[in-house]
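*Asks:* Once you've had a glance at the structure underneath, I'll fire off some questions.
The values are calculated or read from the model by the stated rules, or taken from the named source; none is laboratory data. A quick note: this is a predicted structure, and the numbers were derived from the prediction, not measured. For neighbour counting, all protein chains shown are included, and Cβ atoms are generated from backbone atoms with ideal geometry for every residue, glycine included.
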Amino acid sequence: MHAQDELDAYSLGLLRELLRDSRQTVQELADAVGLSTSPCWKRIKAMEERGVIRGYTARVDPEKVGLGLKVIVEANLARHREEQVRSFEDEIAAIPEIVQCLSTTGESDYVMTVMVADIKCFERFLHETLLRMPGITHVRSRIVLRELKAQTQLPLPEPVAARARGRRG
């Protein structure tokens, strides 16, 4: 059974509301989805315990905190033995400038998003951190000129009942 199968219309509605604004009170959330506060709170706690809701965060403007350069970095590893991959991934997880890292298929083993102050900081990061990591054979980087879309919303599925109503109408 998929996690989405366990989420009914109320839970999906709560998730949509939390993705839109996680600072809402339980009362505001309950009102938005048509529940009373106690069942609303219980659903939120249950989704937290099951790991559906991983946490809550604030969205920060990177430039206003001195992170004016975003770089997409692709990297390949020389070997793909489990202990080397795990070691590489542990090292990546500990580097604060790497704000996202994806293990991918295709031409690159990993695609990372790196945030630094400027091009000189990126050059220093590249030479003093990334290129010194054992096992990396190739690195490609792309400077992000402008971010066109960065959303926290997810394309959540419609509940089964809503999908069925949509087919009938």
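*Asks:* Quick one: TYR56 ticks every box in (1) free of Cβ contacts under 8 Å to residues at least 40 places away in the same chain; (2) in a helix (DSSP H, G or I) bar one, so which box is it?
*Replies:* It is condition (2) that TYR56 fails.
*Asks:* Ok, one more. Just to be sure I understand, how many residues within segment 59-82 are surrounded by fewer than 10 Cβ atoms within 10 Å (Cβ to Cβ) and outside any helix (DSSP H, G or I)?
*Replies:* Here the count works out to 3.
*Asks:* Between a residue in segment 124-139 that is within 12 Å of ASP109 (Cβ to Cβ) and any residue that is among the basic types (Lys, Arg), which pairs come within a Cβ distance under 8 Å, given they are 6 or more apart or on different chains?
*Replies:* Close Cβ pairs satisfying both conditions: GLY135/ARG79.
*Asks:* Any idea which residue in segment 21-54 is nearest to PRO159 (Cα to Cα), counting only those that are basic (Lys, Arg) and touching a helix residue (DSSP H, G or I) at 6+ places or on another chain (Cβ under 9 Å)?
*Replies:* If we take residues in segment 21-54 being basic (Lys, Arg) and touching a helix residue (DSSP H, G or I) at 6+ places or on another chain (Cβ under 9 Å), then ARG43 is nearest to PRO159 (Cα to Cα).
*Asks:* Further question on the same structure: When segment 11-48 is examined, which residues are found to be at positive phi and at pLDDT below 95?
*Replies:* none
*Asks:* Go over the candidates ALA46, ALA32, ALA75 one by one and state the one that is within 27 Å of CYS121 (Cα to Cα) and either more than 20 Å from the chain's Cα centre (by Cα) or not β-branched (Val, Ile, Thr) (or both).
*Replies:* ALA75
*Asks:* A further question on this structure: For segment 12-38, give me each residue that is surrounded by fewer than 18 Cβ atoms within 10 Å (Cβ to Cβ), assigned to a helix (DSSP H, G or I) and of a type in the set (D, E, K, R).
*Replies:* Passing the criteria: ARG16, ARG20, GLU28, ASP31.
*Asks:* Exactly one of (1) within 30 Å of ASP8 (Cα to Cα); (2) in contact with a Gly (Cβ under 7 Å, 6 or more places away or on another chain); (3) among the charged types (D, E, K, R) is unmet by ARG54. Its number?
*Replies:* (2)
*Asks:* Now, a different point. Does VAL85 meet the test of being assigned to a strand (DSSP E or B) and surrounded by 11 or more Cβ atoms within 10 Å (Cβ to Cβ)?
*Replies:* The answer is no for VAL85.
*Asks:* Of the residues LYS70, LYS42, which single one is closer than 22 Å to VAL144 by Cβ and of a type in the set (D, E, K, R)?
*Replies:* LYS70
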